[in-house]
Each structure stands twice: as structure tokens, then as C-alpha cells.
Amino acid sequence: MTDSRQNRQGDATRIRLLKTAERLFATEGLDAVSLRAVNAAAGLGPSSVHYHFGTKDDLVAAVLLDMGTSVRDQISANVDALAADKTPPTVEALVRAVTAPYKALLVRHRTRGMRWIRIVTQISQPRMSRAGHPALEATELHLRDHLLDQVRRTFPATDPDRMETRWAIALMGFLHALSRADDWSGSGKPLAPERLADFYEDQVVFLIGGVRQLLG
């Protein structure tokens, strides 16, 4: 077997494991899914995840980065644009700079994008004690200071410690609501694109009002 063929097979196996883990993590929860379950659901040997990724945390990081890189890069570009403007961003501009990439993700990858958002919501909850997870470091935390600089420009009179905490609370509320959007369909099926767009917009408007109330 040639090296190129081995590499193609290895890449295919890796993608298979990523998509299987993504589905299981989103539907059953991170803590409930073992590496053995991922291997079995993918129809692969018991050591497949370990061979291709390493530990469970490494697998989670890979799952989040698979979709999260584009979201991170879009948020980064949006925040750069805010920083380049001499005028402090409005609350709406600030909120939309952060939230628009999530909508773009769902437009491009409806099913996998929603799964990704659900996993991010799980892993970001303080009660799960994963604040320092490498996946979050790689997908968003390195943007935190740069983003908070813009939040401070919008709310210069707000106490810095309270600002950071309340901004995080508000944003997590948005992500949690977005992750459950399909639960509002009433039919057990995903929301139609136009209804999802309306749901997203409602959550953005709600977030804008909440940020004003919490930080203004």
C-alpha cells in the first residue's frame, strides 16, 4: 500500500471519528460519551480514537476546531474592524460582530453547525469545570482580551470586573438559546430556514437589550 493511499485512508478514518464524536457529544452530552462509544458508533476498533487523536480532551478539541476555526476567524475580523474605527462601537455593532459568525455557520452547515453550538454551550458552562479546555483556548479565548477592549470602548464607565462577567453571562445566554432553537419547532424537526433566521434575530435583539441593561 502506497503512502498516499495510507494517508487518504487515515484522513477518512479521522473525519469519520470526528463526525461520529460530534453527533454523540451534541445529542448525549460530553460526559456521557466514552471513547469506546465513539469507536463503536464509528464501526472502528477500540483503539482508533487513541491512535488518531490521543485523549478524550484531544478529541473534543479536534471536534470544536473542525467547525470553530471559521467562527473564530470571522469574529476576529469583525473585532478588528471595530478596533480600526476611531468611534467606539455601538451596542448593536458590538453584539452583531460577535453573533453574526454563528448565523453564518448555521447557513453553511445547518446540522453540524447546530451540533457544534450545542457542544460549545456544554463545554462553556462553569459547572463543568472546563474553563481552561484546550479547545476553548484554540477557538475563542485568545480573542477575549481583544474583544473586551471593544466592550470597554462601548461601556467606558462600567466596572471592568463586572463588565467581563456580565458580558460572558449575556453571551452564554445567547448561545444557549440558539443551541435549543430546534426545540421550538413543535414538530421534532429542525426549524425551517426562515424561522431559524427569525429566531436568531429575536435572540440578537434580546442580547442587545440585555447587554445595555447589564453594562450600561
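The values are calculated or read from the model by the stated rules, or taken from the named source; none is laboratory data. Here the structure is a predicted model, which means the values were calculated and not measured. A quick note on method: Cβ atoms are made from the backbone with ideal geometry, for glycine too, and the neighbour counts reach across all protein chains shown. To get the accessible areas, we keep the full protein, side chains included, count just its heavy atoms, and leave off ligands, DNA and RNA. Shrake-Rupley method; radii C 1.70, N 1.55, O 1.52, S 1.80 Å.
Only one of these is surrounded by 14 or more Cβ atoms within 10 Å (Cβ to Cβ) and free of Cβ contacts under 8 Å to residues at least 24 places away in the same chain: ALA93, ALA100, ALA62. Name it.
Values: ALA100 fails: free of Cβ contacts under 8 Å to residues at least 24 places away in the same chain; ALA62 fails: free of Cβ contacts under 8 Å to residues at least 24 places away in the same chain.
Exactly one residue qualifies, and that residue is ALA93.
Of the residues that sit in the stretch 159-200 and are in a loop (DSSP other than H, G, I, E, B) and not polar (S, T, N, Q), which one is farthest from the chain's Cα centre (by Cα)?
Filtering the stretch 159-200 for residues in a loop (DSSP other than H, G, I, E, B) gives 159, 180, 185-192.
Next, only the ones that are not polar (S, T, N, Q) stay: 159, 180, 186, 188-192.
Values: ASP159: 27, ARG180: 13, GLY186: 25, GLY188: 23, LYS189: 22, PRO190: 19, LEU191: 19, ALA192: 21 Å.
If we take residues in the stretch 159-200 being in a loop (DSSP other than H, G, I, E, B) and not polar (S, T, N, Q), then ASP159 is farthest from the chain's Cα centre (by Cα).
Among ARG153, ARG162, which is the only one that is modelled with pLDDT of 95 or more, more than 18 Å from ALA100 (Cα to Cα) and surrounded by fewer than 17 Cβ atoms within 10 Å (Cβ to Cβ)?
Numbers: ARG162 fails: modelled with pLDDT of 95 or more.
None of the other options fit; the residue is ARG153.
Given the criteria at pLDDT below 95 and either under 16 Å from the mean Cα position of the chain (by Cα) or farther than 23 Å from LEU191 by Cα (or both), does LYS56 qualify?
It is true that LYS56 is at pLDDT below 95 and either under 16 Å from the mean Cα position of the chain (by Cα) or farther than 23 Å from LEU191 by Cα (or both).
So GLY210 fits all but one of (1) closer than 17 Å to ALA104 by Cβ; (2) surrounded by 16 or more Cβ atoms within 10 Å (Cβ to Cβ); (3) over 20 Å from the mean Cα position of the chain (by Cα); (4) not hydrophobic (A, V, I, L, M, F, W, C); what number is the exception?
Condition not satisfied by GLY210: (1).
Specify the residue that is most open to solvent (accessible area, probe 1.4 Å); the eligible residues are those in the stretch 179-195 that are out of contact with any helix residue (DSSP H, G or I) (no Cβ under 6 Å at 6 or more places or on another chain) and of a type outside the set (Gly, Ala, Ser).
We begin by selecting, within the stretch 179-195, every residue out of contact with any helix residue (DSSP H, G or I) (no Cβ under 6 Å at 6 or more places or on another chain); these are 180, 182-189, 192-195.
From what is left, the residues that are of a type outside the set (Gly, Ala, Ser) are 180, 182-184, 189, 193-195.
Numbers: ARG180: 93, ASP182: 25, ASP183: 88, TRP184: 176, LYS189: 137, PRO193: 103, GLU194: 116, ARG195: 119 Å².
It comes out as TRP184.
Okay, residues lined up against (1) over 30 Å from ARG153 (Cα atoms); (2) at pLDDT below 95:
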{"site": "ASP85", "(1), (2)": "no, no"}
{"site": "ALA93", "(1), (2)": "no, no"}
{"site": "ARG96", "(1), (2)": "no, no"}
{"site": "ARG115", "(1), (2)": "yes, no"}
{"site": "VAL120", "(1), (2)": "no, yes"}
{"site": "ILE123", "(1), (2)": "no, yes"}
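Any idea which of (1) open to solvent by less than 40 Å² (accessible area, probe 1.4 Å); (2) part of a helix (DSSP H, G or I); (3) free of Cβ contacts under 8 Å to residues at least 60 places away in the same chain; (4) over 16 Å from GLN150 (Cα atoms) is the one ARG16 doesn't satisfy?
(1)
I need the full set of residues from the stretch 65-90 which are assigned to a loop (DSSP other than H, G, I, E, B) and either touching a residue at least 24 places away in the same chain (Cβ under 8 Å) or open to solvent by less than 30 Å² (accessible area, probe 1.4 Å) (or both), in order please.
PRO88, PRO89, THR90
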